[in-house]
1. Considering only residues of region 210-250 that are in a loop (DSSP other than H, G, I, E, B) and acidic (Asp, Glu), which is modelled with the lowest pLDDT?
2. Across region 326-357, what is the total count of residues that are within 16 Å of the ligand (Cβ to nearest atom), within 19 Å of residue 298 (Cβ to Cβ) and not in a strand (DSSP E or B)?
3. Can you pull out the residues in region 343-355 that are among the hydrophobic types (A, V, I, L, M, F, W, C) and open to solvent by 60 Å² or more (accessible area, probe 1.4 Å)?
4. If you take the residues in region 358-389 that are within 12 Å of the ligand (Cβ to nearest atom) and β-branched (Val, Ile, Thr), which one is nearest to residue 127 (Cα to Cα)?
Amino acid sequence: MMERLRAGDVRALARAVSVVEDGAAIGAELLAACRKFVGSALRIGVTGPPGAGKSTLVDQMARWLRAEGQSVGVVAVDPSSPYTGGALLGDRIRMQGFAGDDGVYIRSMASRGATGGVSRAAADVCAVMEAAGRQTILIETVGVGQDEVDVIGLADVTVLVLVPGMGDEIQSLKAGVMEVADVFVVNKSDRGGAELVEQEIVAMQGLATERDGWVPPVVRTVATTGDGVRELMEAVRRCAAEKGGRRVRLGDAARPHGLRLDHLGVAVKSIAAARGFYEALGLTVSHEETVEHEKVKTAMLPLGESRIELLEATEEDSTIGRFLVKRGEGLHHIAVHVDGIDAMFARLTAKGMRLASDAVRVGAGGHRYFFVHPASTGGVLLEIVGDAEPEGGV
Ligand code: CO
């Protein structure tokens, strides 16, 4: 299947996505093979409130990319559907616009009820699409819930679609969506009030702190006619180039191997009880997930460039369960991010460091990790975290 997938066979792509979504062992194996190709496509997240015309805009972006000769994948997260199967009809209707064109592959998924969370499920589908050689992936979601904000985290560039006359609805957007937008779109801009929305966006930007020198531009579109789609795609690419350049710059001497503090892991008896303090401090839980093979429930609270990770045992007989019995609640591990985690694993092994993991594994949020034993680090359990990125290139 991997061979057919790599050859761009669209039936193999559809089959592979189903196999991975099933979550069976064979799917996990296939997914691991696909993950090697993560990072090969440009992922564009498109979000905004219901009725902003996101689907139409995504279709126009796909059409524009097709005209350029690119192969496109679309992941549409549909919050109205309680399960993936319910989204199939939508697929069929939308696919008609690209009937007979294998260059656009659309997959819809429900935003509720996916095992391991919808952002995980969407990440898996993106990985399969990238393995299948899709050059651009459009991730469409409604920016109203935490699940959707997490999905947007998968994108390289995030487009927030707003429309004239939605003043109050902007307020209903999940806090955080405004902050992650790289490009603002005022869609249906042929209607009155486009100017006003644009002013509101600019006013909000004035309050926000500039992120690494990128000031999100505002682009006007009319998705039904395709007006402004070129300008939008140009803005997206400028942003991608800017971010890519930044990633290269971060890889300099100040951060060998891209090293930075990723998170601090705190073992707690109950996340529900412990999060109160951190929330009183002003932090917000951005992501909760149960990692079955570690028998642990995790909650992530972003803190500057890094995060606090609360860890609760789902079973007493587990790493965290035993830690709590022996040491009580407290700092459990420090996690350091690295570019090229496989190389780092090999490097530390070669240098005779004592590792507490026998291999690089996949944990919360699809991130790959391994642990270094306290015997080698001066008494601290150290987690090394990598991206789900290809090792040694594609
Ligand atoms: Co951790």
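1. Ranking the candidates gives 210 first.
2. 4
3. Correct list: 343, 350, 353.
4. So, considering only residues that are within 12 Å of the ligand (Cβ to nearest atom) and β-branched (Val, Ile, Thr), the one nearest to residue 127 (Cα to Cα) is 385.
Conditions tested, residue by residue: (1) modelled with pLDDT under 95; (2) within 18 Å of residue 260 (Cα to Cα); (3) open to solvent by less than 30 Å² (accessible area, probe 1.4 Å); (4) in contact with a helix residue (DSSP H, G or I) (Cβ under 7 Å, 6 or more places away or on another chain).
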site: 282; (1), (2), (3), (4): yes, no, no, no
site: 285; (1), (2), (3), (4): yes, no, yes, yes
site: 294; (1), (2), (3), (4): yes, no, no, yes
site: 310; (1), (2), (3), (4): no, no, yes, yes
site: 313; (1), (2), (3), (4): no, no, yes, yes
site: 319; (1), (2), (3), (4): yes, no, no, yes
site: 324; (1), (2), (3), (4): no, no, no, no
site: 337; (1), (2), (3), (4): yes, yes, yes, yes
site: 341; (1), (2), (3), (4): yes, yes, yes, no
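Yes/no matrix, rows are residues, columns are (1) within 14 Å of the ligand (Cβ to nearest atom); (2) free of Cβ contacts under 8 Å to residues at least 40 places away in the same chain; (3) assigned to a loop (DSSP other than H, G, I, E, B); (4) over 24 Å from residue 118 (Cα atoms):
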{"position": "261", "(1), (2), (3), (4)": "yes, no, no, yes"}
{"position": "266", "(1), (2), (3), (4)": "yes, no, no, yes"}
{"position": "283", "(1), (2), (3), (4)": "no, yes, yes, no"}
{"position": "289", "(1), (2), (3), (4)": "yes, no, no, no"}
{"position": "297", "(1), (2), (3), (4)": "yes, yes, no, no"}
{"position": "301", "(1), (2), (3), (4)": "yes, yes, no, no"}
{"position": "307", "(1), (2), (3), (4)": "yes, no, no, no"}
{"position": "317", "(1), (2), (3), (4)": "no, yes, yes, yes"}
{"position": "324", "(1), (2), (3), (4)": "no, no, no, yes"}
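The values are calculated or read from the model by the stated rules, or taken from the named source; none is laboratory data. Everything numeric here is computed off the predicted structure, so don't read it as measured data. Ideal geometry is used to build each Cβ from the backbone, glycine not excepted, and the neighbour counts take in all protein chains shown. We work out accessible area using only protein heavy atoms, side chains counted, and drop any ligands, DNA or RNA first. Shrake-Rupley method; radii C 1.70, N 1.55, O 1.52, S 1.80 Å.
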